[in-house]
Amino acid sequence: MKITIIGTGYVGLVSGAVFADWGHDVVCLDVNQDKIDKIKEGIMPIYEEGLEELVKRIQKEGRFVATTDYELAMKHGELIFICVGTPSNQSGAADLTYVFDVAKNIGELLPENQYRVIITKSTVPVGTNHKVKETILKNSEGRKLDFDICSNPEFLREGTSIFDANNTDRVVIGTETDKAFEKMKELYNHLETTILQTSIQSAELIKYASNAFLATKISFINEISQICERVGADVKEVAQGMGLDNRIGGKFLNAGIGYGGSCFPKDVEALYRTSSEKMYDFRLLRGVIDANERQKHYFMEKVWNKYGSNLDGYVFGVLGSAFKNGTDDTRKSVALEVIKMLRGAGAKIKLADPAALENSKRDLGTIGMEYCEEFNDVFDKSDAVFILTEWSEFANINYEKMASKLKSKVIFDGKNLLNPKVLTDLGYEYHSIGRSSYL
Ligand SMILES: NC(=O)c1ccc[n+]([C@@H]2O[C@H](COP(=O)([O-])OP(=O)(O)OC[C@H]3O[C@@H](n4cnc5c(N)ncnc54)[C@H](O)[C@@H]3O)[C@@H](O)[C@H]2O)c1
């Protein structure tokens with residue numbers, strides 16, 4: 001099939017590359033010339049395992065073209081995927097400017113009398129696909145366009161997105177016509193997974209409801225961690241015991257400093273806004289958002305309790321700034337927020353991250369920061385070490401050996417990554433979340 005992707009970011013680039021890998025003929029478009037030039041040279045704008053090799057291969061095989069040429073992209077695809085960003089606006093609702101910019105361009109440039117399916121993969125509030133259709137028609141200036149709209153939300157996880165695209169739990173296809181559904185089914189039919197046909201509105205809401213539910217699990221276990229600290233329980237044990245019930249499942253039950261990233265915070269907030277606009281007070285979701293906001297402050301209380309609120313003269317090693325492991329993405333990373341709070345109180349920070357140092361430099365600048373290529377360097381004469389991203393590499397550090405480099409043997413583990421008993425046996429003062437018997 002001939003496929004056009006508009007917006008070559010995490011979702012667009014990975015989807016485009018995977019579709020080409022499945023044998024389709026893909027054109028990926030972006031307005032960012034620099035990004036497109038880099039992709040052509042085989043330099044990936046994002047860190048994602050296996051992506052560079054894949055994109056180099058499909059470009060060489062002639063099945064993947066990166067471009068900024070809208071006309072070419074519109075002529076090419078029988079399936080046209082919209083994958084641009086939908087960040088939060090100031091009120092917390094989804095900012096749909098990029099989506100409608102694209103819809104306008106489609107209206108202006110789509111060839112006449114050639115059937116196309118216009119698919120929104122970006123996460124958009126209910127009703128957006130229909131507004132995309134209106135915008136396309138409004139900008140078509142009377143030309144005879146032949147198209148259907150489709151909502152095909154994306155569920156990939158950064159860090160494992162290529163694997164996810166090939167092994168997805170489900171494909172959701174919301175359409176108004178069977179013709180569009182059949183075209184979409186043709187694309188995904190080879191996957192051993194459920195292909196769910198829904199209305200467009202249901203497909204749009206499935207994405208938000210799924211992310212909101214996962215965020216709820218995280219906030220729930222974070223709230224439980226607070227109880228654990230007050231009653232002497234261990235949240236890891238509690239989560240394990242809960243997760244063994246297959247009605248609950250163990251995933252997304254890791255207590256920590258709260259959820260961040262480019263999706264959960266904005267999607268949960270956007271769903272809350274949608275429900276408010278529809279005159280429904282979604283109180284449970286408000287609680288999820290509030291609990292998440294509180295969680296990093298609970299973590300910081302441990303710091304204030306130990307050092308007071310003035311951190312002048314302290315040097316802290318920080319392991320991790322990406323919003324989660326496996327990615328260089330620092331958008332809405334809680335790790336960055338914690339670093340800013342420590343630095344704001346006067347501390348100097350030595351930061352290491354396996355993938356996110358470049359993005360961190362952009363977000364944090366140089367004042368009060370030292371960026372370390374080697375993990376071991378963050379231990380050098382530091383007053384404490386903070387673990388803020390759950391990279392497995394950090395669990396494998398030799399903490400016994402590192403102890404002698406530190407000024408004092410103190411760890412604040414914001415991800416409950418390490419074994420408290422092992423660390424305390426090594427003489428560390430070990431702070432974590434919801435494991436009160438170890439501070
Ligand atoms: N990142 C994820 O893990 C993930 C997962 C599922 C769904 N989503 C959703 O997918 C959408 C895209 O997210 P992302 O993380 O890939 O965003 P991103 O910011 O990485 O990429 C968006 C791209 O769109 C380009 N763009 C903006 N305006 C454009 C236009 N008019 N024409 C062409 N290109 C344009 C930007 O230059 C950018 O490269 C969002 O709605 C997001 O919520 C993201």
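The table that follows gives values for the structure above.
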read-out: Residue in region 75-98 that is crowded, with 23+ Cβ neighbours inside 10 Å, assigned to a strand (DSSP E or B) and either among the polar types (S, T, N, Q) or more than 13 Å from the ligand (Cβ to nearest atom) (or both) present; value: yes
read-out: Inter-residue pairs, beta-carbon under 6 Å, first assigned by TED's automatic domain parsing to the domain that holds Ser122 and in region 81-109, second within 9 Å of the ligand (Cβ to nearest atom) and charged (D, E, K, R), 6+ apart; value: Phe81/Lys121; Cys83/Lys121; Ser88/Lys266
read-out: Selection status of Ile136, within 16 Å of Ile3 (Cα to Cα) and assigned to a helix (DSSP H, G or I); value: no
read-out: Residue tally, condition of a type in the set (A, V, I, L, M), surrounded by fewer than 23 Cβ atoms within 10 Å (Cβ to Cβ), touching a residue at least 60 places away in the same chain (Cβ under 8 Å) and within 16 Å of the ligand (Cβ to nearest atom), over region 15-54; value: 3
read-out: Conditions (1) within 30 Å of Thr198 (Cβ to Cβ); (2) assigned to a helix (DSSP H, G or I); (3) not hydroxyl-bearing (Ser, Thr, Tyr); number of the one not met by Ile58; value: (1)
read-out: Pairs, first in contact (Cβ under 8 Å) with a residue 24 or more places away in the chain and over 12 Å from Val268 (Cα atoms) in region 187-214, second exposed (fewer than 13 other Cβ atoms within 10 Å of the Cβ) and of a type in the set (Asp, Glu), C-beta under 8 Å, six or more apart; value: Thr193/Asp169; Thr194/Asp169
read-out: Enumeration of residues in region 265-277 that are out of contact with any Phe, Trp or Tyr (no Cβ under 9 Å at 6 or more places or on another chain) and within 16 Å of the ligand (Cβ to nearest atom); value: Lys266, Glu269, Arg273
read-out: Residue among Glu393, Glu400 that is within 27 Å of the chain's Cα centre (by Cα) and surrounded by fewer than 18 Cβ atoms within 10 Å (Cβ to Cβ); value: Glu393
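The values are calculated or read from the model by the stated rules, or taken from the named source; none is laboratory data. The structure displayed is predicted, hence computed values, not measured ones. A quick note on method: Cβ atoms are made from the backbone with ideal geometry, for glycine too, and the neighbour counts reach across all protein chains shown.
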